[in-house]
Amino acid sequence: MTINKFQGKTKEEAIEKAKQEMGPGAVIMNVKEIKPKGIFAAFKSSTYEATAALEEKDHVVSSFSALQSPQKLHDNINVAADEKIEIPKAVRTPEIERPVADPRKNTSSHTERTVNESQELEERAIGKRLDDLSNMLEEKLGVGPKEENKEKTTSSEELDFVRIIYRTLLNNEVNERYANQIIDEVERFIRPGNSVDTILANVYQKLILKLGRPNTIETGKGKARVIFFIGPTGVGKTTTIAKIASKYKMESNQKVAFITADTYRIAATEQLRVYANILDAPMSIVYSPDELNSAVAKLMDYDLIFVDTAGFSHKNETQREDMKKLIGGLAPEYDKEVYLVLSATTKYQDLLEIVDIYHEISEFKLIFTKLDETTAYGNILNVKLYSGADLSYVTNGQNVPADLEVFHTQKIVKQLLGGR
């Protein structure tokens, strides 16, 4: 893995330099503000520094060896972001199994309070470590913690810390098979000389690479792009479209237009029309897949054409076929992108069924809504690993356009590991 730093006058400039230098596969590990120093600091502007990582697939070295080596990280470490995820066949060892209460034992309320207080202390401890982890990675990643020159056996502290990570992932609704896979990888780092900071740094870094860099709407290609939004009923597709359209019109000065194919719900059409009027953007209604190309042809002077589709139960085969015809029927001369909008509050098994059904319709990128309605973000990791689709945007409220942001990998990883 290659890790480099890039500076710019703004966060966006620093990130753009990283992408230009290291390519589209680069993962932004951290962005920090560098404030000017010295007696003239008040007259100078802050700069921003982006730390980017790039996997080198042709040179694989043990992550543990790289962390214990004094050489540069990019000369040693390789952890793949796109590796195949498999269910571990080995039976979990008792040391890291999630504890299961014995129903035959009548546990007192005093004991339950003691256990809860113990778990709170553990979560506070890992949260405190995560608060400083981004800076620690920049300063220490690639060089193991300094130890005295004497042998050290694996301590109970390290094993306990692994248990905390495992339990924290499960509590955040990370599916057990993915949590087990992460723990399998962590176990390789528990060697003489390791510290809990080294273990946490590896888990943090591995999760960042698994979630990957957000893949958002591309602009500036000189031709209209048709953006389809698909997904089940009630996930907030129409509101999400309005947020994204507002973002690109106000921040990037893009010309936006709307098409709705959601003729099942009158309220959805009227809602989109209100947003179109606010943004002074045209809106068309199509009643069949055959009408889509003529509607798009009339909007070729616009940069982004947002298509709102009907939400339907993933078990409704008729509407599923209509959706497939709508997206597949777009003429090949038009650029298109498809975004599957999912609610972060949907049950895991339902999400898997939804993903399977929509994969039959089209390839897609992922948008997660309603992050403000849950405190467990494990399904974001679960669906990402299950589907292999890129993450793009998340929403955390109903306000347009405020409650929308590009998927923030570092923030979600910290929350998955118990930080805030």
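Go through the residues of region 249-256 one by one and say whether even a single one is open to solvent by less than 10 Å² (accessible area, probe 1.4 Å), outside any loop (DSSP other than H, G, I, E, B) and either farther than 20 Å from T318 by Cα or modelled with pLDDT of 85 or more (or both).
yes
For region 1-19, enumerate the residues that are over 19 Å from H408 (Cβ atoms), part of a helix (DSSP H, G or I) and modelled with pLDDT under 85.
The answer is none; no residue qualifies.
Looking at G212, is it at positive phi, at pLDDT 90 or above and touching a helix residue (DSSP H, G or I) at 6+ places or on another chain (Cβ under 6 Å)?
The answer is no for G212.
Identify the residue in region 347-374 that is touching a residue at least 40 places away in the same chain (Cβ under 8 Å) and in a loop (DSSP other than H, G, I, E, B) and, among all such residues, is surrounded by the fewest Cβ atoms within 10 Å (Cβ to Cβ).
This residue is S362.
Go through the residues of region 390-406 one by one and say whether even a single one is on the phi < 0 side of the Ramachandran plot and in a helix (DSSP H, G or I).
No, there is no match, as no residue in region 390-406 is on the phi < 0 side of the Ramachandran plot and in a helix (DSSP H, G or I).
Identify the single condition in (1) touching a Leu at 6+ places or on another chain (Cβ under 7 Å); (2) surrounded by 23 or more Cβ atoms within 10 Å (Cβ to Cβ) that K237 does not satisfy, given that it satisfies every other one.
K237 satisfies all of (1) touching a Leu at 6+ places or on another chain (Cβ under 7 Å); (2) surrounded by 23 or more Cβ atoms within 10 Å (Cβ to Cβ) except (1).
Any idea which of (1) part of a strand (DSSP E or B); (2) free of Cβ contacts under 8 Å to residues at least 12 places away in the same chain is the one F306 doesn't satisfy?
Failed condition: (2).
So, in region 303-323, exactly how many residues are within 21 Å of A268 (Cβ to Cβ) and modelled with pLDDT of 90 or more?
Residues in region 303-323 being within 21 Å of A268 (Cβ to Cβ) and modelled with pLDDT of 90 or more: 6 in total.
Look at region 287-303 and say how many of its residues are of a type in the set (A, V, I, L, M, F, W, C) and in contact (Cβ under 8 Å) with a residue 40 or more places away in the chain. Reasoning before the result, please.
As a first pass, look at region 287-303 and keep what is of a type in the set (A, V, I, L, M, F, W, C): 292, 295-297, 299-300.
Of the ones still in play, those that are also in contact (Cβ under 8 Å) with a residue 40 or more places away in the chain are 296, 299-300.
Residues flagged as of a type in the set (A, V, I, L, M, F, W, C) and in contact (Cβ under 8 Å) with a residue 40 or more places away in the chain within region 287-303 amount to 3.
Would you be able to tell me the number of residues in region 375-389 that are open to solvent by 20 Å² or more (accessible area, probe 1.4 Å), among the β-branched types (V, I, T) and part of a helix (DSSP H, G or I)?
The number of residues fulfilling the criteria is 0.
Restricting attention to region 218-227, does a residue exist that is open to solvent by less than 20 Å² (accessible area, probe 1.4 Å), in a loop (DSSP other than H, G, I, E, B) and of a type in the set (D, E)?
The answer is no; no qualifying residue exists.
The values are calculated or read from the model by the stated rules, or taken from the named source; none is laboratory data. Computed from a predicted model, the values in this text were never measured in an experiment. So basically every Cβ, Gly included, is an ideal-geometry build from the backbone, and we count neighbours across all protein chains shown. Note: areas computed on protein heavy atoms with side chains; ligands, DNA, RNA excluded. Shrake-Rupley method; radii C 1.70, N 1.55, O 1.52, S 1.80 Å.
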